[in-house]
Amino acid sequence: MIDLHTHTFASDGVLGPAELARRAEVAGLAALAITDHADASNLERLVGEIAAFVRETQPYLRIRLLAGVELTHVPPRQVAALARRCRQLGAAIVLVHGETVSEPVAPGTNRAAIEAGVDILAHPGLVTEEEARLAAANGVLLELSTRPSHGLANGHVVAVARAAGAGLVIDSDTHVPSDIMDPDRRRRVARGAGLTDADIERIDRAMAALVERLAPPTRIT
Ligand SMILES: [Zn+2]
Ligand SMILES: [Zn+2]
């Protein structure tokens, strides 16, 4: 089990990176991306801190860590430049906080993220089929969220992704320990959104391949 969307107290989560990683490892996760909320005010600090944490701590842990970021409520026309900066600063994975049905995210954010070629468009809400086709072409993965507020549109996201041939991920958007991904809840949320067990297995394989590509294993030297 892999989770590519989580928060620490570097933004609005309650755990530090080390405790989040430890709790995720105990929960059975094989890989975890730490993706705190970023905008132009804090991305240098956030990406620098999390990249340093992963670099220094990964050699001592079984769970595979990815230093990430979630560009959040960034004006759509600013998304591409900030995503580039995150990568230059050492982010292994870049998410954009998509147009969830539960927050007033600026219209155009989904499209901006897809055009910028970020790795994951988080909770994309009422994403259109045209946007999903572009996501498929650009290799941007659309996210199903086990978070109740963002998960309201999961069924729509599955239907649109299926029609457009876009790839999916399933993430927790963890902020507190009780959010940490649990295999039963993950499966229930995915099945409730219209995915079959075979679909879920395909998503699991795609997420594992993404981790291999973005965060090759490190060794204690
Ligand atoms: Zn948050
Ligand atoms: Zn988030």
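The values are calculated or read from the model by the stated rules, or taken from the named source; none is laboratory data. Treat the numbers as computed from the prediction; the structure is a model and nothing was measured. Using ideal geometry, Cβ is built from the backbone for each residue, glycine included, and neighbour counts are taken over all protein chains shown. Keep in mind that these areas ignore ligands, DNA and RNA; they rest on the heavy atoms of the full protein, side chains included. Shrake-Rupley method; radii C 1.70, N 1.55, O 1.52, S 1.80 Å.
Within the range 2-18, is even one residue surrounded by fewer than 15 Cβ atoms within 10 Å (Cβ to Cβ), more than 19 Å from Leu121 (Cβ to Cβ) and within 13 Å of ligand 2 (Cβ to nearest atom)?
yes
Can you confirm whether Val101 is crowded, with 21+ Cβ neighbours inside 10 Å, aliphatic (A, V, I, L, M) and more than 21 Å from Val47 (Cα to Cα)?
No, not satisfied.
On the basis of being under 26 Å from Ile63 (Cα atoms), open to solvent by less than 30 Å² (accessible area, probe 1.4 Å) and not basic (Lys, Arg), does Ala190 make the cut?
In short, yes.
For the range 156-185, how many residues meet the condition of being within 16 Å of ligand 2 (Cβ to nearest atom), assigned to a helix (DSSP H, G or I) and touching a residue at least 24 places away in the same chain (Cβ under 8 Å)?
3
For the range 106-130, name all the residues that are surrounded by 24 or more Cβ atoms within 10 Å (Cβ to Cβ) and either assigned to a helix (DSSP H, G or I) or more than 17 Å from the chain's Cα centre (by Cα) (or both).
Correct list: Thr109, Asn110, Ala113, Ile114.
Output yes when any residue across the range 145-157 is charged (D, E, K, R) and either in contact with a Gly (Cβ under 7 Å, 6 or more places away or on another chain) or under 23 Å from His73 (Cα atoms) (or both), and no when none is.
yes
Any residue that is closer than 26 Å to Ile203 by Cα, assigned to a loop (DSSP other than H, G, I, E, B) and among the charged types (D, E, K, R) - is there at least one of those in the range 37-52?
No; the residues of the range 37-52 include none that is closer than 26 Å to Ile203 by Cα, assigned to a loop (DSSP other than H, G, I, E, B) and among the charged types (D, E, K, R).
When you check Ala81 against the structure, is it among the hydrophobic types (A, V, I, L, M, F, W, C) and without any contact (Cβ under 8 Å) to a residue 24 or more places away in the chain, yes or no?
So Ala81 passes the test.
Restricting to the range 43-83, give me the number of residues that are open to solvent by 30 Å² or more (accessible area, probe 1.4 Å) and among the β-branched types (Val, Ile, Thr).
Looking only at that region, the number is 1.
Take the residues of the range 1-23 that are part of a helix (DSSP H, G or I), out of contact with any Gly (no Cβ under 8 Å at 6 or more places or on another chain) and more than 13 Å from Glu49 (Cβ to Cβ): which is farthest from ligand 1 (Cβ to nearest atom)?
Arg22
Looking at (1) surrounded by fewer than 24 Cβ atoms within 10 Å (Cβ to Cβ); (2) within 16 Å of ligand 2 (Cβ to nearest atom); (3) closer than 27 Å to Pro216 by Cα, which one does Arg147 not meet, given that it meets all the others?
Going through (1) surrounded by fewer than 24 Cβ atoms within 10 Å (Cβ to Cβ); (2) within 16 Å of ligand 2 (Cβ to nearest atom); (3) closer than 27 Å to Pro216 by Cα one by one, Arg147 breaks only (3).
Only one of (1) open to solvent by 30 Å² or more (accessible area, probe 1.4 Å); (2) touching a residue at least 24 places away in the same chain (Cβ under 8 Å) is not met by Ala137, so which one is it?
For Ala137, the exception is condition (2).
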